[in-house]
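For reference, the structure discussed in these notes is given below.
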Amino acid sequence: MTTAPNQTHQQINVTPKHESITGVVERLTYYSEESGYTVARLQRPGAKELTTITGNFADIQPGQTLQLTGFWREHPQYGPQFQVINYKETKPATLTGIEKYLGSGLIKGVGPVTAKRIVAHFGLETLDIIENQIERLAEVNGIAKKRINMIKSAWETQKAIKEVMVFLQSHGVSTTYAVKIYKQYGDKAIAIVTNNPYQLAADIYGIGFLTADKIARNLGVPPDSEFRYRAGITHVLSEAAEDGHCYLPQPELIQQAIKLLMSESHQPTEQALAPIIQKMTLASELVRESATDKTLLCYKPTFFYTEQNLAQLISDCAGRSALTGDRTLAPINPDIPRVRSWIARFTQARKIELSQQQQEAVEVAAYSRVMILTGGPGCGKTFATRTIVELWKAMGKSIALAAPTGRAAQRLSEMTGLEAKTIHRLLEFDPRTMSFKRDEKNPLPQKALVVDEASMLDLFLAYSLIKALPEDGQLLLVGDIDQLPSVGPGNVLADSINSGKVNVVRLTQVFRQAQSSRIITAAHQINRGQYPTIEPISDTPQTDCLWHGGGHQPEHGVQAICELIDGLIPSLGFNPITDVQVLSPMSRGLVGTRNLNQVLQQLINPPSPEKVEITRGGSTLRVGDKVIQQTNDYNREVFNGDVGFITKIDTEEQEVSVQYAEREVNYDYADLNEIALAWSVTIHKSQGSEYPVVILPLYTQHYMMLSRNLFYTGLTRAKKLAIVIGSKKAIGMAVRSVNKQQRYTQLAKRLGTNP
């Protein structure tokens, strides 16, 4: 379901006659998360054909029995439709309706098979039996006492949820979120939502300010309420953090808050918002500091203090030699001759040679408490890192290896021959306390730490990492400064380099063996602002970096991607399921990830009787689908950007199992908004990963996102083959656009002012 049916509303000259109909929802044809607009097919009692219903629904699922009020209209293309004005769910009255209701996934422990057996045994009395004599389910073959207890618990919870759901649905909240709200607040849900609907935006993943604001308006909260203004200001700062900012200048914060809070009947003003910001500052809900030009910079408190403390930590570490303890940034140290002697013996024994830049990296790493090793593809970061690890081993240091993602940690392990962990695992995250066990009071036991893909370190993860470094420990950050910055807030790697307070070695020499890769050559051309040399695609490609014109229109690009996955890529020996990743600059549009995922799902993992699938909120997930985690879930130990495959959908237990690189993770139906299809992902989400084949669509409709580091990052995710699809104009736009959006961060300045 990728696009809404192309329906054109007909002009009706007379007031339509309202009537009521009842039926069981058979399937959803279209559902919009944003508006709730739905097109569904309804089975009415005694009707031979399904009825098409349209309207705005909070959330409906197949199997629900609905009583609908509305009117009939004739659509020129789709025929008669029932336009719904309002609706309510009723108890199903037919055997088929009861069966669909029980098996729809609303009650944990009852799937379609179990529902069929229960209804076959109890008939029209089924729901009354479950309500009043649930122990009689033991009469049904295959239902044990343990499952009866599960169904009883789920039924009681469902009854409690029902009241909450009726209340929330009347205010436009979907069933999925109603369940999450109930899980969060329990029986207090209605009281909490009534008292402070904006609390939902803070507590429930997936519910933002707009949904909370809609509920607040329905509950009568006035548009100029101070309560609403505070929530709006907080939301603007949260949205800024999603874009990577650590703060917003007050004029920009006010401007964006006005845009968010305005409506047809209400226009907030700077004069109204400025005092609210002042109150929030006095109440420690915000922290403000003056920039050099006297502009007030507005932070959420955690962002301000984390940035301040991180700067202090980096300064303390960077200012001391690991060999002597002296404060020094000079590349000359009394022990350097000994290090050079070791390097000479090491390279001679292995019959290898370090470049001058690599030699410098190893020497500086010998005495630096904190060092950054950066450089593009083919410049020898891997070899230099491996040599530094060998040096540290020769110095008798215990070593830890880590990376932000599981895949990056796996590559680091293969590169060094030592065990590598994700940073969260290394720091021993504790879901019970929502904090890391390793910190300044309980530092890491290792004396030397290598962190790969350091461009992915956001403000908070970098602070947690450096805080856990022992007093005499050393830290090597390895990353490509020309890649996109972290998905989370901050620009830690770039700020640390630009501060001039941290030892940095940048590798720029491209080695001869790497020069044969057109991917690497093109990446360096992009970095220099040159249009990359990419070979036009053919049936027998001669290089690893290709260009497919794909037409000037996005729909041609979608077709080209499908043809490549269905034809050329398998012919070259690649597996479309495991080897190929489509990377897009953005999620919207025909060649955005949302549409591409629907198209590619049908192409790569089409429906079949053998594959269980589930539809939630208009999106279908089925066994075999590639999915991506969209938020950090510390309880399940799965993190934003992790990619896996759905191995099982249990309609009885209402669980979806996903196999990630390291282990299998189970999701309740209510938590499925944490994952999304990943046949196509954004370039930003691909950071830290490598794929055998990357398909990269670039079109002018992406112009807001096109930039040099985005193109560079996407291209360098490919290990064996990269195919760029799109217009030369879009490629040129990306190459010419440098630092399109600077992040608001003060880390470099804070580092520069620290001693």
Residue ID - nearest to residue 742 (Cα to Cα), chosen from residues in segment 230-240 that are over 16 Å from the mean Cα position of the chain (by Cα) and open to solvent by 10 Å² or more (accessible area, probe 1.4 Å): 237
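Could you identify the single residue in 215, 254 that is closer than 30 Å to residue 684 by Cα and buried (at least 18 other Cβ atoms within 10 Å of the Cβ)?
That would be 254, the only listed residue that is closer than 30 Å to residue 684 by Cα and buried (at least 18 other Cβ atoms within 10 Å of the Cβ).
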Some residue of segment 493-510 being charged (D, E, K, R), in a helix (DSSP H, G or I) and under 30 Å from the mean Cα position of the chain (by Cα): yes
Any hit, segment 656-671, residues being open to solvent by 10 Å² or more (accessible area, probe 1.4 Å), under 29 Å from residue 725 (Cβ atoms) and charged (D, E, K, R): no
Qualifying residue in segment 276-287 (condition: in contact with a Pro (Cβ under 8 Å, 6 or more places away or on another chain), in contact (Cβ under 8 Å) with a residue 40 or more places away in the chain and open to solvent by 60 Å² or more (accessible area, probe 1.4 Å)): yes
Total residues in segment 554-574, condition more than 28 Å from the chain's Cα centre (by Cα) and under 21 Å from residue 729 (Cβ atoms): 0
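From the list 620, 593, which residue is of a type in the set (Ser, Thr, Tyr), under 30 Å from residue 668 (Cβ atoms), open to solvent by less than 30 Å² (accessible area, probe 1.4 Å) and in contact with an Asp or Glu (Cβ under 9 Å, 6 or more places away or on another chain)?
620
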Pair list, Cβ under 9 Å, 6 or more apart: segment 695-708 residue in a helix (DSSP H, G or I) and at pLDDT 85 or above, other residue among the aliphatic types (A, V, I, L, M) and open to solvent by less than 10 Å² (accessible area, probe 1.4 Å): 700/706; 700/730; 708/526; 708/734; 708/735
Test: residue in segment 455-466 that is free of Cβ contacts under 8 Å to residues at least 24 places away in the same chain and either in a helix (DSSP H, G or I) or not basic (Lys, Arg) (or both): no
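Just give me the residues in segment 389-404 being β-branched (Val, Ile, Thr) and under 32 Å from the mean Cα position of the chain (by Cα), in sequence order. So that I can check it myself, show each step before the final result.
So in segment 389-404, the residues β-branched (Val, Ile, Thr) come out as 389, 399.
Listed by number, the list holds a single entry, 399.
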Set 344, 349, 361: member being assigned to a helix (DSSP H, G or I), modelled with pLDDT of 85 or more, closer than 25 Å to residue 492 by Cβ and of a type outside the set (Val, Ile, Thr): 361
Hits in segment 104-118 (condition: crowded, with 22+ Cβ neighbours inside 10 Å, in a helix (DSSP H, G or I) and at pLDDT below 90): 115
Every residue from segment 371-395 that is open to solvent by 10 Å² or more (accessible area, probe 1.4 Å) and within 18 Å of residue 347 (Cβ to Cβ): 380, 381, 382, 383, 386, 390, 393, 394, 395
Which listed residue is surrounded by fewer than 24 Cβ atoms within 10 Å (Cβ to Cβ) and assigned to a strand (DSSP E or B), from 421, 441: 421
Residue match in segment 37-57 (condition: at pLDDT below 75 and open to solvent by less than 60 Å² (accessible area, probe 1.4 Å)): no
Count of segment 723-739 residues which are hydrophobic (A, V, I, L, M, F, W, C), outside any strand (DSSP E or B) and over 13 Å from residue 531 (Cα atoms): 1
Qualifying residue in segment 189-199 (condition: closer than 22 Å to residue 87 by Cα, open to solvent by less than 50 Å² (accessible area, probe 1.4 Å), part of a helix (DSSP H, G or I) and at pLDDT below 80): no
Failed item in (1) surrounded by 23 or more Cβ atoms within 10 Å (Cβ to Cβ); (2) out of contact with any Gly (no Cβ under 8 Å at 6 or more places or on another chain), with residue 470 passing the rest: (1)
Subset of segment 634-667 (residues that are over 21 Å from residue 153 (Cα atoms), of a type in the set (Asp, Glu) and modelled with pLDDT under 90): 637, 642, 662
All positions within segment 142-178 that are modelled with pLDDT of 85 or more and polar (S, T, N, Q): 149
Residues within segment 58-103 that are open to solvent by less than 20 Å² (accessible area, probe 1.4 Å) and either without any contact (Cβ under 8 Å) to a residue 12 or more places away in the chain or among the hydrophobic types (A, V, I, L, M, F, W, C) (or both), tallied: 8
Odd one out for residue 243, checked against (1) open to solvent by less than 80 Å² (accessible area, probe 1.4 Å); (2) within 23 Å of residue 631 (Cα to Cα); (3) of a type in the set (D, E, K, R): (1)
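Condition test on residue 22, is it of a type in the set (S, T, N, Q) and surrounded by fewer than 20 Cβ atoms within 10 Å (Cβ to Cβ)?
For residue 22, the condition - of a type in the set (S, T, N, Q) and surrounded by fewer than 20 Cβ atoms within 10 Å (Cβ to Cβ) - is met.
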Residue that is surrounded by the most Cβ atoms within 10 Å (Cβ to Cβ), among those in segment 473-489 that are under 17 Å from the mean Cα position of the chain (by Cα) and either part of a helix (DSSP H, G or I) or not hydrophobic (A, V, I, L, M, F, W, C) (or both): 486
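The values are calculated or read from the model by the stated rules, or taken from the named source; none is laboratory data. Predicted model, so just to flag it, every value in this text is computed and none were measured. Cβ atoms come from the backbone with ideal geometry, glycine included; neighbour counts cover every protein chain shown. Note: areas computed on protein heavy atoms with side chains; ligands, DNA, RNA excluded. Shrake-Rupley method; radii C 1.70, N 1.55, O 1.52, S 1.80 Å.
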